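The values are calculated or read from the model by the stated rules, or taken from the named source; none is laboratory data. Remember, it's a predicted structure, so these values are computed and weren't measured experimentally. Please note: Cβ atoms are built from the backbone with ideal geometry, for glycine as well, and neighbour counts cover all protein chains shown. These accessible areas exclude ligands, DNA and RNA; they are computed on the full protein's heavy atoms, side chains included. Shrake-Rupley method; radii C 1.70, N 1.55, O 1.52, S 1.80 Å.
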Amino acid sequence: MAQIDPFEGGHTLPKIVAVSLQQTGHLYNFLAGDERLRRGDRVLVDTEAGVRIGTIEIEPHEPAQTIDLSSMRPIIRAATDNDYRAEQENISREARARRLCVERIRERRLQMKLVNADFTFDGRKAVFYFVAEGRVDFRDLVRDLANVLRVRVEMKQIGARDETKVTGGLGPCGRELCCSSWLRDFEAVTVKMARDQGLALNPSRLAGMCGRLKCCLRYEYATYVELKRALPNLGKRVQCVKGDGKVIRQNILKQTVLIQREEDGGVIEATLEDLVTSRPQ
C-alpha cells in the first residue's frame, strides 16, 4: 500500500484504526487507508519492531484534532492465508526458541527467568522477555541463541505485572486475571487508594498474583473519593441531633459517621441528615 499523506485533500482528516498486536495488548493507531476494515480483522502493520500481524480492535474512525498524524504509519494490507501459515510457523519456532533459551539459562546458571519468546513476522528477529531481580550479563547467552537460531536476538527485561499478564491465572475473586483477560494498559495503583476505601493495610490481602498491589483497587476509587467529600473528616467536632462529639470513623458507602459523644463518651452512628452544623476545629 502506498504511503498516505495524512493532510492530502484539504482539511479532511484520514480515518485511523486501533490495532492490538497480542491478546489484551496495548492498542496502536494506524492510518486505515481505503480498505474496508472491521473489528476482528487480521492485518499486517509496520511497527518499530518490524512487520507484525495484528487484530483490528476499533474500526476506522475520525481521529481527534490533537492526534499527530504526520508520523503515523498506514495499514499494509489485510492478512492472507499465506500470512496465517507464516504466523503458525513462527509460533512453532517460538516454542523451540523458548525451550532452547531455558536450557541455556540453566547451563549458565543465570539469575533470570524466561517469560516468553516472540519472533517478528519475517522471522529474522527473536525477542526474549525475562524477569530478574537485578542486572544480568546475558551477552554470551545472546550470542549462543543467535548462532543456533540464525536470527537477530534481543533480550528485554520486564516487570512482575507484565509477567503475570503473559502467564495468566485466576485471581482471589475466582475469575481470570484482569491483566490477562481484558486490561490492556497498567495504571498506577497506590496504598492511598486502599486506605481511602477503608481497607485493612494487609499486604497479603492487597497484593495480586504478581506480588504488586491489585489493579482492581483503582476500579471503585473514584467513587469512594466522590462519596467521601460529603462526610466530615476524622477528628472533626460536629453537632448532631443524637449528641455532639468527635468523628472517629467514616462509613463511606453507607454515608454515615461514628461519633464519640462529649457528654458520656458513648459512640453513636449518624447520617448526614443527623448532623446540624460543624464546630470549629
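Across the range 265-274, the number of residues qualifying as open to solvent by less than 40 Å² (accessible area, probe 1.4 Å) and either under 45 Å from the mean Cα position of the chain (by Cα) or of a type in the set (Phe, Trp, Tyr) (or both) comes to 3. A single entry from Val142, Val136, Val189, Val151 fulfils the requirement of being among the β-branched types (Val, Ile, Thr) and either closer than 30 Å to Lys228 by Cα or touching an Asp or Glu at 6+ places or on another chain (Cβ under 6 Å) (or both): Val189. At pLDDT below 90 and touching a strand residue (DSSP E or B) at 6+ places or on another chain (Cβ under 9 Å): is that true of Ile75 in this structure? When the stated conditions are applied, Ile75 does not pass them. The single residue among Leu199, Leu253, Leu258, Leu213 that is closer than 30 Å to Val276 by Cβ, of a type in the set (A, V, I, L, M) and under 31 Å from the mean Cα position of the chain (by Cα) turns out to be Leu253. Among the residues of the range 160-169, those identified as touching a residue at least 24 places away in the same chain (Cβ under 8 Å) and either in contact with a strand residue (DSSP E or B) (Cβ under 6 Å, 6 or more places away or on another chain) or at positive phi (or both) are Glu163, Val166, Gly169. Looking across the range 2-53 at every residue that is in contact with a Gly (Cβ under 9 Å, 6 or more places away or on another chain) and closer than 14 Å to Phe121 by Cβ, the one that is modelled with the lowest pLDDT is identified as Gln22.
Number of residues in the range 189-226 that are in contact (Cβ under 8 Å) with a residue 12 or more places away in the chain and aromatic (Phe, Trp, Tyr): the value is 2.
Please identify the pairs in which a residue from the range 227-239 that is closer than 16 Å to Arg261 by Cα has its Cβ atom under 9 Å from the Cβ atom of a residue that is open to solvent by less than 60 Å² (accessible area, probe 1.4 Å) and assigned to a loop (DSSP other than H, G, I, E, B), counting only partners at least 6 apart or on another chain. Note: pairs meeting the criteria are Arg237/Asp244; Val238/Pro232; Val238/Asp244.
Within the range 103-157, the set of residues being of a type in the set (Lys, Arg) and under 30 Å from Asn82 (Cα atoms) comprises Arg124, Lys125, Arg150, Arg152, Lys156.
Do we have any residue at all in the range 257-264 that's open to solvent by less than 70 Å² (accessible area, probe 1.4 Å), assigned to a loop (DSSP other than H, G, I, E, B) and within 30 Å of Pro172 (Cβ to Cβ)? Checking the range 257-264: not a single residue is open to solvent by less than 70 Å² (accessible area, probe 1.4 Å), assigned to a loop (DSSP other than H, G, I, E, B) and within 30 Å of Pro172 (Cβ to Cβ).
A quick yes/no check of all residues on (1) closer than 30 Å to Met209 by Cα; (2) of a type in the set (A, V, I, L, M):
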{"residue": "Glu87", "(1), (2)": "no, no"}
{"residue": "Arg104", "(1), (2)": "yes, no"}
{"residue": "Val115", "(1), (2)": "yes, yes"}
{"residue": "Thr120", "(1), (2)": "yes, no"}
{"residue": "Val136", "(1), (2)": "yes, yes"}
{"residue": "Asp144", "(1), (2)": "no, no"}
{"residue": "Asn147", "(1), (2)": "no, no"}
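Scanning the range 224-239 for any residue that is of a type in the set (Ser, Thr, Tyr) and open to solvent by 60 Å² or more (accessible area, probe 1.4 Å) turns up nothing. Do we find that Ala117 is within 20 Å of Thr167 (Cβ to Cβ) and either at pLDDT below 90 or surrounded by 13 or more Cβ atoms within 10 Å (Cβ to Cβ) (or both) in this structure? So Ala117 passes the test. Please count how many residues of the range 206-255 are of a type in the set (Val, Ile, Thr) and in contact with a helix residue (DSSP H, G or I) (Cβ under 8 Å, 6 or more places away or on another chain). Looking only at that region, the number is 3. Criterion applied to Glu220, Glu269 was being among the acidic types (Asp, Glu) and within 30 Å of Ile158 (Cβ to Cβ), and the one residue passing it is Glu220. Got at least one residue in the range 97-112 being in contact (Cβ under 8 Å) with a residue 40 or more places away in the chain, surrounded by 15 or more Cβ atoms within 10 Å (Cβ to Cβ), assigned to a strand (DSSP E or B) and of a type in the set (A, V, I, L, M)? Checked against the condition, which is being in contact (Cβ under 8 Å) with a residue 40 or more places away in the chain, surrounded by 15 or more Cβ atoms within 10 Å (Cβ to Cβ), assigned to a strand (DSSP E or B) and of a type in the set (A, V, I, L, M), the range 97-112 yields no hits at all.
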